[in-house]
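Q: Submitted below is the structure of interest, expressed as structure tokens.
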Amino acid sequence: MGKLLGAILIMLAATVAGWHRARHFAERPRQIREMILGLQRLVTEISYGLTPLPEALKKAAMPMSKPLRELFEQAADAMQPASGLTARDSLHQAIHKSWGSTSMKNPERDTMLQLAYSLGLSDREDQLRHITLAVQQLKHEEATAQSEQMKYEKLSRNMGLLIGALIVILMY
């Protein structure tokens, strides 16, 4: 009875691990799309609303889901005059704090860090160009993430189950 319970627990743990890994493959394209939409809202706020950058980041963050909303809000909060941080430093700080809670990888992180270098340093038109460039780069990464999702999501689920079965077989 104990061996059966142990085998079931091992199978269950390995399957859950596989499903967890598959969830990351599914979340990455969704989060990239959400980041693109947030940056497009930021463009709208800056160009049409003539909104200052911290307030524009707050408004762009409102409809976003948790890990990305926190990133935008942390950057906006750090841009307040009391903090004394530049737009670049505040966005860098927010990325470093909250990137681990996202499913995105280094190429998306690098794109956002590149964007941080240009925010707040130049005129409105130049900032809009840099945000638009970041959106284009993220769209490319989204296509890559979708192809990875199609390849590896189902594989991850199945591998979790199969690895659990292998461990159980090797134990007996």
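Q: Enumerate the whole-percent occupancy of each 5 Å bin, from 0 to the last occupied one, for all C-alpha pair distances of the range 28-167.
A: Taking every Cα pair in the range 28-167, the percentages come to 2, 10, 18, 23, 18, 10, 6, 5, 4, 3, 1, 1.
Q: Continuing with the same structure: For the range 1-69, run through the chymotrypsin sites (Phe, Trp or Tyr not before Pro) and keep only the ones in DSSP coil with at most 10 other Cβ atoms within 10 Å of their Cβ.
A: Y48
Q: Quick one: how many Å² of L9 are accessible to a 1.4 Å probe, rounded to 10?
A: 100 Å²
Q: What Kirkwood radius, in Å to one decimal, follows from the Cα pairs of the range 11-66?
A: 13.1 Å
Q: State which entries of K58/K97; K97/K151; K66/K139; K59/K97 exceed 23 angstrom in Cα-Cα distance in the structure shown. Working shown, then result.
A: On the way: K58/K97 17 Å; K97/K151 30 Å; K66/K139 21 Å; K59/K97 20 Å.
Too far apart for the 23 Å limit: K97/K151.
Q: Give me the distance between the Cα centres of the range 29-50 and the range 116-164, rounded to whole Å.
A: 14 Å
Q: Now for a separate question. Ignoring ligands, DNA and RNA, what accessible area per residue does the range 65-172 give at 1.4 Å, in Å²?
A: 57 Å²
Q: To continue, here is another question. On average, how much accessible surface per residue is there in the range 8-51, in Å², for a 1.4 Å probe, leaving out ligands, DNA and RNA?
A: Accessible area per residue: 53 Å².
Q: Oh, and also: Kirkwood hydrodynamic radius (Cα pairs, Å) of the range 91-172? Before the final figure, lay out the partial values.
A: Working: mean 1/r = 0.0641 Å⁻¹.
For the range 91-172, inverting the mean 1/r across all distinct Cα pairs yields 15.6 Å.
Q: Here's something else I'd like to know. Would you please name the GluC sites (Glu not before Pro) within the range 32-108 that are DSSP coil residues with at most 14 other C-beta atoms within 10 Å of their C-beta?
A: Counting only loop positions with at most 14 other Cβ atoms within 10 Å, none of the GluC sites (Glu not before Pro) in the range 32-108 qualifies.
Q: At 7 Å along Cα-to-Cβ for each site, give me the label-to-label distance between L166 and K151 in nm.
A: A separation of 1.9 nm, rounded to one decimal place.
Q: Bin by bin, in steps of 5 Å, what percent of the Cα pairs in the range 112-157 do you find, going until the bin that has the longest distance?
A: 5, 21, 19, 14, 11, 10, 8, 6, 4, 1
Q: Further question on the same structure: Between L4 and E55, what is the spin-label point distance in nm, taking each point 7 Å from the Cα along the Cα→C-beta axis?
A: 6.8 nm
Q: Given a 1.4 angstrom probe, I'd like the percentage of the accessible area of the chain that is carbon and sulfur, rounded to a whole number.
A: Its accessible area is 61 percent carbon and sulfur atoms.
The values are calculated or read from the model by the stated rules, or taken from the named source; none is laboratory data. Remember, it's a predicted structure, so these values are computed and weren't measured experimentally. Please note: Cβ atoms are built from the backbone with ideal geometry, for glycine as well, and neighbour counts cover all protein chains shown. These accessible areas exclude ligands, DNA and RNA; they are computed on the full protein's heavy atoms, side chains included. Shrake-Rupley method; radii C 1.70, N 1.55, O 1.52, S 1.80 Å.
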